[in-house]
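The values are calculated or read from the model by the stated rules, or taken from the named source; none is laboratory data. Since we're looking at a predicted model, the values are computed, not measured. Counting neighbours? That spans all protein chains shown, and the Cβs are built from the backbone with ideal geometry, glycine included. Heads up: the accessible areas ignore ligands, DNA and RNA and are worked out on the full protein's heavy atoms, side chains in. Shrake-Rupley method; radii C 1.70, N 1.55, O 1.52, S 1.80 Å.
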Amino acid sequence: MAKELTRKLINAGVHFGHAVSRWNPKMAPYIYEKRGNIHIINVRKTLEGMLVAKQLLAEVVSSGKDVVFVGTKRQAQKSVETVAEKCGMHYISQRWLGGMLTNFRTIRSRLQRLEQLEAMSEDGTLESESKKQASRLKREMRKIKANLQGVRNMSRLPGAVVVVDAKKEYLALREAKKLGIATVGLLDTDSDPDIVDVAIPANDDSIRAVDLILNELADAVAIGKTMLPARQEPAHRPRRTRSKRPVLARASEDKSKTAAADEQSTVPISDSVSQSNPAKQQD
């Protein structure tokens, strides 16, 4: 399985880095060699990063949290949207708005505004406005939908963020780090591996390579979802049942005691009179 995946990665061009003049020295452990004027990424390191990232995402999803895929560069937009919809998670493919995570309450208010505008469009209220006002409201609706459509169903902060090209998505990584959210990043030879928790060295300009890696991560998310019901199901203790025999025995004992007390209390009247007047018995 690993050999087949390695072959697919190499065929997708995952090992081609940037020019030598653009490299980040911190990426030296992930570089295999230099050919001509281009750095070659060590595919073994790519596989190791993918395995660690898959394990991390599976654990995050199995704990009940969500994952956000971020890729706003042209080569990653389509793959990010497809993979996120495939595994039922959230995505950002157009633009990362400042405060998407740190100011999440405001983002939710904008999504509520989107729902309000869509309701106005459906019931005809939008068309009853003036042309200028209707045009302004439609433009606002399109803008919010383009930027926030991928996180429309995200009602709380995610447990992990996956970014394509960590150098470009530095705002998302900075906000995630501030909130303590786990981060996974596809890094080319010009990126800084210290800004992500799990680094996957790869050619982030290759559409095939990005699509292949993101699909592998989506499979890990699907595995985490299968583990979710088992973790969320509470451990029910066996119900303690008392035996009925001691209760019946105590009930029979109580009945016998009450019967004996009744017999002692119901003494014959003649006996009581004779006991109270011993002189009459002598007469």
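For the reader, a short list of remarks on this structure follows.
- Using a Förster distance of 22 Å, the FRET efficiency for LYS131-SER109 (Cβ separation, nearest 0.05): 0.20
- Ellipsoid semi-axes for region 25-128, based on the Cα gyration tensor and the rule √(5λ), read 39, 18, 13 Å when sorted largest first.
- Estimated dipole of region 1-129 in Debye, rounded to 20 [Cβ of Lys and Arg +1, of Asp and Glu -1, Cα centre]: 1120 debye
- Note on region 1-155: with neighbouring protein chains present and a 1.4 Å probe, carbon and sulfur make up 48 percent of its accessible heavy-atom surface.
- The charge dipole of region 168-208, taken about its Cα centre with unit charges on the Cβ atoms of Lys, Arg (+1), Asp and Glu (-1) only, comes to about 200 debye.
- Flagged links, alpha-carbon separation over 22 Å, of LYS73/LYS145; LYS86/LYS178; LYS65/LYS86; LYS168/LYS225; LYS86/LYS168; LYS73/LYS167: LYS86/LYS178; LYS168/LYS225; LYS86/LYS168
- Once the chain from ARG142 to GLU33 is taken as fully extended at 0.36 nm per residue, the excess over their C-alpha distance is 34.6 nm.
- D (Stokes-Einstein, µm²/s), Kirkwood Cα radius, region 99-169, 1.002 mPa s at 20 °C: 154 µm²/s
- Stretchable slack from LYS167 to LYS225, in nm (0.36 nm times residue separation minus alpha-carbon distance): 17.9 nm
- At q = 0.16, 0.19 Å⁻¹, base-10 log of I(q)/I(0) for region 107-225 (Debye sum, equal scatterers on each alpha carbon): -0.86, -1.02
- Spin-label zone in region 1-29 - amide nitrogen under 20 Å from a point set 7 Å from the Cα of ASN215 along the C-beta vector: 1-16
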